[in-house]
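Enquirer: One structure, pasted below without further comment.
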Amino acid sequence: MGRIHVLDPHVVNQIAAGEVVERPASVVRELIDNALDAGARRIHVDVADGGLTRLEVADDGHGMDAADLARVFLPHATSKIRTPEDLLHIGTLGFRGEALASVGAVARVTVTSAERAGPDGSAAPGHRVVDAFGDIGPVEPAAASPGTVVVAEELFRHVPARRKFLRTPATELGHVRDVVHRFAAAFPDVAFRLRADGRTLLEAPSGEGRRARLARHIDDDVARALLEVHEDDGLIRLEAWIGPPSTTRRDGRYELTWLGGRHVRDRTVAHAVREAYRDLLPPGGARPVAFVFLDAPAEVVDVNVHPQKSEVRWRDAGAVHRLVRRALRRVLEQAQPGVPVTFTAERAARVAEHVASAFVFGPRAPSYAPSSTGVARRGPSDATPLPPLDPRRLDASGPTSRPPARADDDAAAAAPRTPVEGLRPIGQALGLYLVLEADDAIVLVDQHALHERVLFDRINARLREKGGLEVQRLLVPKVVHPGPAGAARLLDEAAWLATLGWDIGPFGDDAIAVHGVPAVLKRPDPEAALAEVLELLEAGRRDGLDRAALLSEAVDRLACRSAVMAGDRLDAEEVLALLAQAEALDHAHSCPHGRPTRLTLKRADLERWFHRTV
Ligand code: ADP
Ligand code: MG
């Protein structure tokens, strides 16, 4: 007696159904796929009990004749592909010929359909076929208007394992609603309607446009604020609707990606979106609003990697990452001229122009003195003592109130507003906050966050101008032990690490010798810093980061490591030097992670607080 036998089709279909049909919402998704593939201009979805007892999807697409209906429930029966080559040019949402067979295996499914008879739109004779939990009935004549109606009842009735995982009807309805809304957002030219237990939850006419469609999904004021992004690199087409940084959400519910009209979960795109918003969002896990619609030909992306087609595989994830990040970032920067612009030549040039060349903190404070523009500069005038209080300039935030530039300050004519004169360092509180007094305010500065911001920009400027960071050579090489794999990985990246100021070489099988460290590192701890680099390289590989994104992350961490820490004591001169450097940047109000760097307590507010005002 042999042990092996071939499974009967009932069982095969049930297994297949397990992959495709997870819950009512997945049935709705497959049926809407089919309706769109049939060229529907109008799709109506009706559910009862969240789709658990009954769900229906009706369309006005091209419909099917009796012969097609006889095959509609057969596994691997499809009208959409024929040859293996067709898999390389999939132009439809479905193609595996599995959906209806799978749903029919786990529910009682009725398909009623009629083709369009003539140009007047009248219906050809209609037919109907039923698949009750795997038992396919005969095709019978039935009354039908042009198009197709699919009804699925008693989903998972005979699949207790699956039933167990279903939630309440309300939760299942929520998922159905998400599915319909996502299709509606992706296909604004198709009319969608969703009804649940007799209530209309969505009624979206065709042709109302993307913004209006999104507004049906999110708050009106959020939809109104959305910025539109368009990009096309010849292969990949992107259309995105993204919230300005002031519009954030607690979770990622409004961070969605579509590919070819299908909602997908894609880490490359998700990461690129986060990168675009990098240092723009407030701290505390705020998430952006970003709807990204991509279209890409089959040579660029494989959609045949996931049973529900909700994940895809990019040929060149780096290219996708770049495209998305750059396109979104550009629009964000244009929309809000105040946002920090990383990696642009103009910005690097401005920083280089205005910031004193030394930025080492610690015992050797940089030679600093405020010039008339308040920007740290080297020169004879550096002998000036701590700046005097100048009440007239304190609220002088606009360029008009800036004092006339000296002859040698021409280059600094574009110097940013709010020079540091008029700010008097009082001291440091709680080992972390610099306390400064102005004429009409007390200013608290987070020294670490501010320094990190300054360094982040300086490092980027240096990379941009010189192509690499300065190396601090070690008299005696330091040996670090990242393990065999880690050592190999770091040595593979030796050239890249050299741009970041690392000089490393092999040392045995599982160790490397560090001959030089990035000069900006305040307390060189090669072991820890390189462990961080390794971790970053790992994360980069996992998330498909490109080199630019990796570099940006590396600079971020380097800046953090090099910045003065909480607990570091700074003297008055160091404080002012730090502020002067910060003021030369436009956006010193937040650190690279988006945390604010300073808090201003205005005299007026203090007076109100202490009831001094009458
Ligand atoms: P697939 O979509 O992968 O081809 P399905 O099992 O979803 O597989 O559908 C099988 C076939 O039934 C489709 O290829 C299509 O020809 C036909 N079909 C299904 N739904 C519809 C519909 N709403 N309108 C017209 N034809 C349909
Ligand atoms: Mg299908």
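The values are calculated or read from the model by the stated rules, or taken from the named source; none is laboratory data. Just so you know, these numbers come straight off a predicted model, no measurement behind them. Cβ sites come from the backbone with ideal geometry, for glycine too, and all protein chains shown count toward neighbours. With ligands, DNA and RNA removed, areas are computed over all heavy atoms of the protein, side chains included. Shrake-Rupley method; radii C 1.70, N 1.55, O 1.52, S 1.80 Å.
Enquirer: From the list 6, 21, which residue is open to solvent by 30 Å² or more (accessible area, probe 1.4 Å) and among the β-branched types (Val, Ile, Thr)?
Expert: Result: 6 is the single residue among 6, 21 that is open to solvent by 30 Å² or more (accessible area, probe 1.4 Å) and among the β-branched types (Val, Ile, Thr).
Enquirer: Here is a further query. Looking at 167, 128, 157, can you tell me which residue is open to solvent by 40 Å² or more (accessible area, probe 1.4 Å) and touching a Leu at 6+ places or on another chain (Cβ under 9 Å)?
Expert: Matching residue, one of 167, 128, 157: 128.
Enquirer: Scan the stretch 531-553 for residues that are open to solvent by 50 Å² or more (accessible area, probe 1.4 Å) and assigned to a loop (DSSP other than H, G, I, E, B) and report the count.
Expert: Within the stretch 531-553, residues that are open to solvent by 50 Å² or more (accessible area, probe 1.4 Å) and assigned to a loop (DSSP other than H, G, I, E, B) number 0.
Enquirer: Something else now. Can you list the strands (runs of 3 or more DSSP E) found entirely within the stretch 413-530 that contain at least 3 residues being modelled with pLDDT under 80?
Expert: 424-429
Enquirer: Where residues in the stretch 298-313 are farther than 17 Å from residue 269 by Cβ and either open to solvent by less than 40 Å² (accessible area, probe 1.4 Å) or among the aliphatic types (A, V, I, L, M) (or both), which of them is modelled with the highest pLDDT?
Expert: Restricting to residues being farther than 17 Å from residue 269 by Cβ and either open to solvent by less than 40 Å² (accessible area, probe 1.4 Å) or among the aliphatic types (A, V, I, L, M) (or both), the top hit is 298.
Enquirer: Going by the conditions given, is residue 501 open to solvent by 10 Å² or more (accessible area, probe 1.4 Å) and either of a type in the set (Gly, Ala, Ser) or free of Cβ contacts under 8 Å to residues at least 60 places away in the same chain (or both)?
Expert: So residue 501 fails the test.
Enquirer: Restricting the search to the stretch 34-60, which residues are out of contact with any Lys or Arg (no Cβ under 8 Å at 6 or more places or on another chain), on the phi < 0 side of the Ramachandran plot and within 11 Å of ligand 1 (Cβ to nearest atom)?
Expert: Within the stretch 34-60, 34, 35, 36, 38, 40, 57, 58 meet the criteria.
Enquirer: Based on this model, can you work out whether residue 446 counts as closer than 30 Å to residue 605 by Cα and open to solvent by 50 Å² or more (accessible area, probe 1.4 Å)?
Expert: Judged against the criteria, residue 446 is not a match.
Enquirer: Looking at 100, 173, which one is buried (at least 18 other Cβ atoms within 10 Å of the Cβ) and under 30 Å from residue 301 (Cβ atoms)?
Expert: Criteria check complete, one pass: 100.
Enquirer: Quick one: which residue in 189, 178 is within 13 Å of residue 36 (Cβ to Cβ) and surrounded by fewer than 20 Cβ atoms within 10 Å (Cβ to Cβ)?
Expert: 189 is the lone residue from the list that is within 13 Å of residue 36 (Cβ to Cβ) and surrounded by fewer than 20 Cβ atoms within 10 Å (Cβ to Cβ).
Enquirer: Quick one: residue 150 ticks every box in (1) more than 16 Å from ligand 2 (Cβ to nearest atom); (2) outside any helix (DSSP H, G or I); (3) at pLDDT 85 or above bar one, so which box is it?
Expert: So the condition that residue 150 fails would be (1).
Enquirer: Residues 65, 86, 49: which one is within 19 Å of residue 112 (Cβ to Cβ) and of a type in the set (Asp, Glu)?
Expert: 65
Enquirer: With the structure loaded, tell me whether residue 159 is under 15 Å from residue 57 (Cβ atoms) and in contact with a helix residue (DSSP H, G or I) (Cβ under 9 Å, 6 or more places away or on another chain) or whether it fails that test.
Expert: no
Enquirer: Just checking, does the stretch 104-111 include any residue being open to solvent by 30 Å² or more (accessible area, probe 1.4 Å) and either in a loop (DSSP other than H, G, I, E, B) or modelled with pLDDT under 90 (or both)?
Expert: No, the stretch 104-111 contains no residue that is open to solvent by 30 Å² or more (accessible area, probe 1.4 Å) and either in a loop (DSSP other than H, G, I, E, B) or modelled with pLDDT under 90 (or both).
Enquirer: Additional query: Checking the structure you have, find out if any residue of the stretch 331-339 is over 18 Å from the mean Cα position of the chain (by Cα) and at pLDDT 80 or above.
Expert: no
Enquirer: Quick check on my filter: what residues within the stretch 95-123 are more than 9 Å from ligand 1 (Cβ to nearest atom) and of a type in the set (S, T, N, Q)?
Expert: Listed by number, the residues that qualify are 110, 112, 122.
Enquirer: Please go through the stretch 38-55 and give me each residue that is in a strand (DSSP E or B) and either in contact with a Phe, Trp or Tyr (Cβ under 8 Å, 6 or more places away or on another chain) or more than 16 Å from ligand 2 (Cβ to nearest atom) (or both), ordered by number.
Expert: Answer for the stretch 38-55, where residues must be in a strand (DSSP E or B) and either in contact with a Phe, Trp or Tyr (Cβ under 8 Å, 6 or more places away or on another chain) or more than 16 Å from ligand 2 (Cβ to nearest atom) (or both): 42, 43, 44, 45, 46, 47, 48, 54.
Enquirer: If you check residue 68 against the conditions, is it within 8 Å of ligand 1 (Cβ to nearest atom) and either more than 28 Å from residue 298 (Cα to Cα) or not in a loop (DSSP other than H, G, I, E, B) (or both)?
Expert: In short, yes.
Enquirer: So residue 61 clears everything in (1) in a loop (DSSP other than H, G, I, E, B); (2) more than 21 Å from residue 305 (Cβ to Cβ); (3) within 11 Å of ligand 2 (Cβ to nearest atom) except one condition, right? Which one?
Expert: Result: residue 61 passes all but (3).
Enquirer: What about residue 30, is it closer than 30 Å to residue 164 by Cβ, assigned to a loop (DSSP other than H, G, I, E, B) and within 16 Å of ligand 2 (Cβ to nearest atom)?
Expert: no
Enquirer: Hey, another quick one. Which one is surrounded by the most Cβ atoms within 10 Å (Cβ to Cβ) among residues in the stretch 77-94 that are within 11 Å of ligand 1 (Cβ to nearest atom) and in contact (Cβ under 8 Å) with a residue 24 or more places away in the chain?
Expert: Per the criteria, the residue is 93.
Enquirer: Hey, can you tell me all the residues within the stretch 87-98 that are within 19 Å of residue 39 (Cβ to Cβ) and more than 15 Å from ligand 2 (Cβ to nearest atom)?
Expert: 89
Enquirer: Go over the candidates 35, 17, 107 one by one and state the one that is within 16 Å of ligand 2 (Cβ to nearest atom) and in contact with a helix residue (DSSP H, G or I) (Cβ under 7 Å, 6 or more places away or on another chain).
Expert: Criteria check complete, one pass: 17.
Enquirer: On the given criteria, is residue 406 within 30 Å of residue 601 (Cβ to Cβ), at pLDDT below 85 and basic (Lys, Arg)?
Expert: no
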